[in-house]
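**Student:** Quick one: the structure is below, questions incoming.
Read the figures in this text as sums done on the coordinates, not as results from a lab. Everything numeric here is computed off the predicted structure, so don't read it as measured data. Reconstructed Cβ throughout: ideal geometry from the backbone, glycine too, with neighbour counts over all protein chains shown.
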Amino acid sequence: MEHIGIEPGRLQFSWISSAEATKFVDVARIVTDAIRALGPNTHFAKKLPKVA
Amino acid sequence: MIEYNQKIREIAARLLKEGKVDMVIGFRKGTMPMMNEPCFIKKPEQANLLVWDSHCGINLANYLYDRKEKIGVVAKGCDSRNIVTHIVENKIRREQVYIIGVPCTGMADKRRIALLTQKDGEIREVSEEKGRITVKGDKFNKIFEKGEVLQDNCSTCLHRNPVIHDEMVAEPVPEQTGIDPFKDVRETEKLPPEEKRVFFKNLVADCIRCYACRNACPLCYCPTCFVDEARPQWVGKSVDPTDTMTFHFLRAYHCAGRCTDCGACERACPVGIRVRQFTKKLNKDCLELFNWKAGLTLDERPPLDTYKPQDPNDFIR
């Protein structure tokens, strides 16, 4: 995906077991922080026509 | 090439006469120059329809699966690798195919030839002798060295000889050496993210979503392709740049670890999109991460359907 121009860090992968609640919290925090730093996704998002 | 013709016809007629196969899939002259078409030969006396020259770029592995009869197939290097992929993926049994192997020195790029003769007028006739291709029109006559007008994938091909065969048409040809098939991918990899995005955006800008690339591809055999599915609808059907890009990279992902870089997609594209820029990146990754090239052996499962403890997983947090 990064090869076709998605910003590095926009797409993230994680493997979390249902027993790893603390890991889930940590990962969610890290991911949201990273994405917030990147800002809203402007590319590769379909713009729907505005209908009145 | 003429001697190939004779040999292919002989083998096809013999196989049909002896009842070893019910049908031979090969090429016959197309109705337009440089456009040979696949043909299904079912009677020995039809075998002289078969031809072989530098315009047999279509991948015949695409016509093999979901059939009941025993099939003889004329296969160059890339076709044979796709047949291996079909056998590994249980689309056809090894016993069901009789592979007539053709050592290949590459296929001519009809677009490049047409471009080089654009000013001279329409091409009426094409002939070939000793590695030279002669193109004739109403008012011109041009000769090209075959090496100069090869399809892009053929010029970087490292498997010209069939990897499996039941019979060979001729002695194997020497394989090309000292070639980096991924030179263009490396160039793209060096670009910063924004330029990569623009590169691929421009690459698919002309796409009309005709799906010719998918239809020409021997890997694309799903009964319902993800682009045709309506419930759920995985991808929009419009030519919106996002939809088009989604189609292209998803199709490439479906071919990951299976693509043999046969060039059928690029050859089929009516607007000349270099579709292989997507699949080649994945081929390169498969080679670097899993030391894998598709369709070389019947004994190994492809990387995406096997688990090995040493598989790279740094991307998972």
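**Student:** List every residue whose amide H lies under 5 Å from the amide H of B:Arg209, counting only residues 5 or more places away in sequence or on a different chain, with H placed 1.01 Å from N in the peptide plane.
**Tutor:** none
**Student:** Could the peptides B:147-155, B:12-20, A:25-33 be put in order, highest first, of the mean number of other beta-carbon atoms found within 10 Å of their residues? Numbers along the way, then the final one.
**Tutor:** On the way: B:147-155: 18.6, B:12-20: 16.0, A:25-33: 12.2.
Packing proxy ranking, top to bottom: B:147-155, B:12-20, A:25-33.
**Student:** Oh, and also: B:Lys20 to B:Thr224: FRET efficiency via 1/(1 + (r/R0)^6), r the Cβ-Cβ distance, R0 25 Å, to the nearest 0.05? Walk me through the numbers on the way to the answer.
**Tutor:** Numbers: r = 35 Å, r/R0 = 1.40.
With R0 = 25 Å, the Cβ-Cβ based efficiency is 0.10.
**Student:** Continuing with this model, one more query. Which residue, B:Thr279, B:Thr246, B:Thr31, has the most motion in a Gaussian network model of chain B that connects Cα atoms within less than 10 Å?
**Tutor:** B:Thr31
**Student:** Quick check: pseudo-label points 7 Å beyond the Cα along Cα→Cβ at B:Arg94 and A:Ala19, how many nm apart are they?
**Tutor:** 4.3 nm
**Student:** Sum up the lysine pairs in region B:161-317 that clear both bars: alpha-carbon distance under 26 Å and a spacing of 8 or more or different chains.
**Tutor:** Final tally of qualifying lysine pairs is 29.
**Student:** Let me ask something else. Need one value for A:12-25: mean number of C-beta atoms belonging to other chains within 10 Å of its residues' C-beta atoms. Before the final figure, lay out each step's value.
**Tutor:** Working: counts 3, 4, 3, 3, 2, 0, 0, 0, 0, 0, 0, 1, 0, 0.
That works out to 1 on average.
**Student:** Hey, another quick one. Restricting to DSSP H runs of at least four residues, report the calculated mean residue ellipticity at 222 nm for the protein assembly as shown, -39500 (n - 2.57) per run over all residues, nearest 500 deg cm²/dmol.
**Tutor:** Details: 11 runs with 114 residues, N = 369.
Value at 222 nm, helices only, nearest 500: -9000 deg cm²/dmol.
**Student:** Continuing with this model, one more query. Identify which of B:Asp109, B:Asp206, B:Asp53 has the largest mean-square fluctuation in a Gaussian network model of chain B, with springs joining Cα atoms closer than 10 Å.
**Tutor:** In the Gaussian network model the winner is B:Asp206.
**Student:** Next up: Going through region B:163-198, which GluC sites (Glu not before Pro) have at most 15 other Cβ atoms within 10 Å and a DSSP loop state? The partial results should precede the final answer.
**Tutor:** Numbers: sites: B:Glu167, B:Glu175, B:Glu187, B:Glu189, B:Glu194, B:Glu195; in loops: B:Glu175.
Hits after loop and neighbour filter: B:Glu175.
**Student:** I would also like to ask the following. Sort out for me the Cα centre separation of region B:83-158 from region A:6-52, rounded to whole Å.
**Tutor:** 46 Å
**Student:** Going by amide H atoms built from the backbone, whose H comes under 5 Å of the H on B:Glu167, apart from near neighbours?
**Tutor:** Here the answer is B:Ile99, B:Gly101, since their amide H atoms fall under 5 Å of that of B:Glu167.
**Student:** Let me ask something else about it. Using label points projected 7 Å from each Cα along Cα→Cβ, tell me how many nm separate B:Trp234 and B:Val198, to one decimal.
**Tutor:** 3.2 nm
**Student:** Next question, about the same structure. Compute the relative contact order of chain B as a whole-number percentage, counting only Cα pairs closer than 8 Å that sit 6 or more residues apart in sequence.
**Tutor:** On the way: 509 pairs, mean separation 50.8, N = 317.
Relative contact order, chain B: 16 percent.
**Student:** Moving to a separate point now. What trypsin sites (Lys or Arg not before Pro) does region B:23-127 have in DSSP loop regions with at most 10 other beta carbons within 10 Å?
**Tutor:** Working: sites: B:Arg28, B:Lys29, B:Lys42, B:Arg67, B:Lys68, B:Lys70, B:Lys76, B:Arg81, B:Lys91, B:Arg93, B:Arg94, B:Lys110, B:Arg111, B:Arg112, B:Lys119, B:Arg124; in loops: B:Lys29, B:Lys42, B:Arg67, B:Lys68, B:Lys70, B:Lys76, B:Lys91, B:Arg93.
Answer in residue order: B:Lys68, B:Arg93.
**Student:** To continue, here is another question. Kindly put B:Lys183, B:Lys7, B:Lys280 in sequence by how many other C-beta atoms sit within 10 Å of each C-beta, fewest to most.
**Tutor:** Values: B:Lys183 9, B:Lys7 17, B:Lys280 21.
Fewest-to-most ranking of B:Lys183, B:Lys7, B:Lys280: B:Lys183, B:Lys7, B:Lys280.
**Student:** I'd like the FRET efficiency for B:Glu37 and B:Asn5, computed as 1/(1 + (r/R0)^6) with the beta carbon distance as r and R0 of 22 Å, rounded to 0.05. Display every interim value, and only then the final one.
**Tutor:** On the way: r = 16 Å, r/R0 = 0.71.
The computed FRET efficiency comes out at 0.90.
**Student:** Can you pull the one-decimal nm distance between simple spin-label points at B:Glu288 and B:Leu49, each 7 Å off the Cα toward Cβ?
**Tutor:** If labels sit at B:Glu288 and B:Leu49, their model points lie 4.7 nm apart.
**Student:** Can you list residues from other chains, or at least 5 along the same chain, whose modelled amide H is less than 5 Å from the amide H of B:Arg160?
**Tutor:** Placed amide hydrogens put B:Gln176 under 5 Å from B:Arg160.
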